[in-house]
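Enquirer: Below are the structure tokens for one structure; questions will follow.
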Amino acid sequence: MKPGDILSYLEMCQEEGASLQRGMNFRLRPGHSVVLMSLRAGSPYDDSMLESGRVLIYEGHDISKSPKGPDPKSVDQPLENTNGRPTENGKFWAAAKSREMGGTAERVRVYEKIKAGIWAYNGTFDLVSANLKASNGRRVVRFRMELSAEDGPAPIQQLALKHERMIPSRVKQDVWKRDEGKCVICGDQKNLHFDHEIPFAKGGSSLVAENVRLLCAKHNLAKSDKIE
Ligand SMILES: [Zn+2]
């Protein structure tokens, strides 16, 4: 799996070996955590990308909604449950604080929702810091993650990572719509990937839809062979 790969919900769960039901999944597997994000208009959390996709600001989760409870958007995001155990916020918080003190960064795989049932893998990020922020009269948790230098062992992936950036959500959604969820060459709807027509390394921009297209695995591979 490499950044830009597009997966169905089921494929994403298979990839992680778990049924993913919530946004934050601390240490889902030995060695990494998983977060799901949505930058679509109207999404419930205020996540954002900085520095052309190398830095991710990820908002913690709210309390869960209950029939008699308060509006989750009106109360502080919890670091602990009522029983004193850390919430997912609390676990990510502890890992971020450990990193701030010089510890090893927690590796976090980031998936982003493109539309219902369709997800893009954005890569592995290092959880580097966390802070609390006042927002509309309550406290929210903000996590800072940076694109990891070690996204997989293959040297070619290292190379690609150095030059590729995460494609902004708006662009991903425009491209998905324009290319109708199909490889632009063969029309295949499986194993799709967001492809930079002109590679980032060669000056291609990931910031505009004109330079990004959908390719199936076969055609994406055929292309990288040509470039390397
Ligand atoms: Zn194709």
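Enquirer: Which loop trypsin sites (Lys or Arg not before Pro) in segment 1-97, with loop taken from DSSP, have no more than 12 other Cβ atoms within 10 angstrom of their Cβ?
Expert: Passing sites in segment 1-97 are R22, K65, K68.
Enquirer: Something else now. Tilt of helix 88-100 relative to the longest C-alpha principal axis of the chain, in degrees (0 to 90, nearest 10)?
Expert: Helix 88-100 sits roughly 80 degrees off the main axis of the chain.
Enquirer: Mind giving me the nanometre distance, one decimal, between the label points for R29 and S129, set 7 Å out from Cα along Cα→Cβ?
Expert: So the label points at R29 and S129 sit 3.0 nm apart.
Enquirer: With a ≥ b ≥ c the root eigenvalues of the C-alpha gyration tensor of segment 45-84, is it rounded (a/c under 1.5), prolate (a/b larger than b/c) or oblate? Provide the component values of the computation, followed by the final result.
Expert: Working: a/c = 4.57, a/b = 2.28, b/c = 2.01.
The shape class here is prolate.
Enquirer: Still on this structure, I have one more. Starting from the amide H of T87, placed 1.01 Å from N in the peptide plane, find each other amide H under 5 Å away whose residue is 5 or more places distant or on another chain.
Expert: Those lying under 5 Å, H to H, from T87 are E80, N81.
Enquirer: A further question follows. Among the listed pairs K182/K218; K2/K73; K2/K133; K113/K177; K2/K218; K65/K133, which are separated by more than 23 Å between their Cα atoms?
Expert: Working: K182/K218 13 Å; K2/K73 34 Å; K2/K133 33 Å; K113/K177 14 Å; K2/K218 14 Å; K65/K133 21 Å.
With Cα atoms farther than 23 Å apart: K2/K73; K2/K133.
Enquirer: Moving to a separate point now. Between Rg and the Kirkwood Rh of segment 6-151, both from Cα atoms, what is the Rg to Rh ratio? Show your work: numbers first, answer last.
Expert: Numbers: Rg = 14.9 Å, Rh = 15.8 Å.
A ratio of 0.95.
Enquirer: Is any residue of segment 91-120 close enough, with backbone N under 20 Å, to a label point placed 7 angstrom from the Cα of L50 along the Cα-Cβ axis, and if so, which?
Expert: Counting only backbone N, you get 92-103, 105-111.
Enquirer: On C-alpha positions alone, give me the angle between the axis of helix 217-227 and the longest principal axis of the chain, in degrees, nearest 10.
Expert: Its long axis makes an angle of about 70 degrees.
Enquirer: Hey, another quick one. Given H placed on each backbone N at 1.01 Å, which residues far from V212 in sequence or on other chains put an amide H within less than 5 Å of it?
Expert: Distant-sequence amide H within range of V212: E197.
Quick note: the coordinates plus some simple rules give every number you see, no bench work behind them. Being a predicted model, the structure only gives us computed values, none of them experimental. A quick note on method: Cβ atoms are made from the backbone with ideal geometry, for glycine too, and the neighbour counts reach across all protein chains shown.
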